[in-house]
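Q: Structure incoming, see below.
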Ligand code: PBG
C-alpha cells in the first residue's frame, strides 16, 4: 500500500474551509481610524496625495465619528490642523486649540460608543514643523519638550480624551505624560505610545495632510530604519514608563519589528499603516495595477499576522465593511 499523501490543499478547497482554518482574523474593533480636522474649514478639503481622505471640518468630523461608531471600529485617532503655528506649538496646549475642541466635540457626540484617541505631538502646531521645541541653535530640546507634552496631555484629558498617543519620540515622554496625568487625577486616561517610530519616507503624504512646515528631517529623534533591536528596546522602555499600549510605525516595512515587539512585551501592540502605505496602494489601484479591495485586506491581514493586536489605518471604515459583508 502506498503511504497516504499529506495534502494541505484539502483545507483550501472551499471558502468555508479556508475561513474555518484561517489563522489570522480582521475585526472592525481591532481597527482605529486616523482623522484630520482643520481649524476654520468651511468644507472638507481633499488631501491630493491621499485619495479618499480629507481634512475635516468640525461638522464633517462628527459625521465620520458617528460612522466609525456604527461600524464598530476600535476608535478614532484625532489630528488637528491649526490655522496658525508658532515656535512652541501653543495651539496644542490651548484648550481652544483645534485638536482640543475636536476631542470635546467627538466625546460629547459619540463618546459612549467610540474610543477617542488623540495625537500628542507638536509638529502639527509648530511653525518649524518639528515634534518639539528648539534650542537657540536649532536642535530639538528633549526635556523642554517633555514639559510641553505634559501640558498638552492635561489639555487633551480635560477635553475628555480616552487615550493619548505621544508620537514625538522624545526620551522619557511616556513617564512625563503619565506623571502629569496622574497628578491631575486623570488616572484613567490611557497612553498608546508610539514606541518604535522610524524616520520614514512613508510619512510623506501625512505632511500634506497636516500642512506640515517641516524643512529637513526627524533623524535626530525618530529611529534609523536599519534598527530592529533598538525598536524592542524603545518598546520595553515605554512599558517600564507606564505605556498601556505600544506601537510600531510604519507597519509594512517593519513587520519584523512588530513581531519582535509582540514577543517582547505583555501589553497590547499596535501598528500604524501610515499615509505612504495607503497612497501606494491607492495609486497602484487607480492605475488598475492591483485589485484594490484585495490589496487592502492583504495589507491589514499581514500586519495582524505579524503580531499587531490593533491596526491604525486610513482604510478602517472601508475594511470594516469589507470584513462584515
Ligand atoms: C507626528 C506624526 C506623524 C505621523 C503620525 N504622527 C508624522 C511624522 O512623524 O513625521 C505620520 C502618520 C502617517 O504618515 O500616516 N505627529
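Read the figures in this text as sums done on the coordinates, not as results from a lab. Quick caveat, the model's predicted, so the values are computed rather than measured. All Cβ positions, even for glycine, are placed from backbone atoms using ideal geometry, and neighbour counts span all protein chains on display.
Q: Please compute, for the alpha-carbon atoms of region 23-112, the extent along each of the three principal axes and give them in descending order in Å.
A: Ordered largest first, region 23-112 gives principal extents of 49, 31, 25 Å.
Q: What is the order of 105, 137, 224, fewest Cβ neighbours within 10 Å to most?
A: 137, 224, 105
Q: Taking 10 °C and 1.306 mPa s as the conditions, I'd like the Stokes-Einstein D for region 226-325 in µm²/s, using the Kirkwood hydrodynamic radius from alpha carbon pairs.
A: In µm²/s, the coefficient is 112.
Q: Note the full-extension length gain between residue 233 and residue 9 as 0.36 nm times their separation in residues minus their Cα-Cα distance, in nm to one decimal.
A: Once the chain is fully extended between residue 233 and residue 9, it gains 76.6 nm.
Q: Taking N as the number of residues in region 46-200, what is its alpha-carbon radius of gyration divided by 2.2 N^0.38 Å?
A: 1.02
Q: With axes computed from alpha carbons, what is the tilt in degrees of helix 142-158 against the longest principal axis of the chain, rounded to the nearest 10 within 0 to 90?
A: In the chain, helix 142-158 runs at an angle near 80 degrees to the longest axis.
Q: A further question on this structure: For the pair residue 208 and residue 287, what calculated FRET efficiency results from E = 1/(1 + (r/R0)^6), where r is the Cβ-Cβ distance and R0 = 22 Å, to the nearest 0.05? Write down the numbers at each step before the final one.
A: Details: r = 20 Å, r/R0 = 0.92.
The computed FRET efficiency comes out at 0.65.
Q: Measure off 7 Å from each Cα along the Cα-to-Cβ vector at residue 20 and residue 226, then give the distance between these two points in nanometres to one decimal.
A: 5.0
Q: State the Kirkwood hydrodynamic radius of the chain in Å, one decimal place, computed from all pairs of distinct Cα atoms. Write out the running numbers ahead of the final one.
A: On the way: mean 1/r = 0.0495 Å⁻¹.
Across the chain, the inverse of the average 1/r is 20.2 Å.
Q: Ranked highest first by average number of other Cβ atoms within 10 Å, how do 18-28, 140-150 line up?
A: Sorting 18-28, 140-150 by mean packing, highest first, produces 140-150, 18-28.
Q: While we're looking at this one, here's another question. Can you give me the angle between helix 98-110 and the longest principal axis of the chain, using Cα atoms only, in degrees from 0 to 90, rounded to the nearest 10?
A: So the helix axis and the longest Cα principal axis differ by about 50 degrees.
Q: Find the centroid of the Cα atoms in region 219-293 and in region 17-84, then give the distance between the two in whole Å.
A: 18
Q: Further question on the same structure: When ranked by the protection proxy of mean other Cβ atoms within 10 Å per residue, highest first, what sequence do the peptides 286-298, 77-89, 176-188 form?
A: The most tightly packed comes first, giving 77-89, 176-188, 286-298.
Q: Can you tell me what share of the DSSP beta bridges in the chain is antiparallel? A percent to the nearest 5 is fine.
A: So the antiparallel bridges in the chain amount to around 10 percent.
Q: Over the Cα atoms of region 86-176, what Rg and Dmax result, in angstrom?
A: In Å, with Rg to one decimal and Dmax whole: 13.2, 47.
Q: I'd like to compare 110-119, 57-66: which one has the highest average count of other Cβ atoms within 10 Å, and what's the full order after that?
A: Details: 110-119: 20.7, 57-66: 18.4.
So the order, starting with the most tightly packed, is 110-119, 57-66.
Q: Another question, if that's okay. Equivalent-ellipsoid semi-axes (√(5λ), Cα gyration tensor) for region 119-263, whole Å, largest first?
A: 22, 20, 14
Q: For the Cα atoms of the chain, what angle does the longest principal axis make with the long axis of helix 58-70, in degrees from 0 to 90, nearest 10?
A: Relative to the chain, helix 58-70 is tipped by roughly 30 degrees.
Q: 222 nm [θ] for the chain, helices only, -39500 (n - 2.57) per DSSP H run of 4+, per residue, to 500? Could you put the intermediate results ahead of the total?
A: Details: 12 runs with 129 residues, N = 325.
After summing the helix terms and dividing by the residues of the chain, the value is -12000 deg cm²/dmol.
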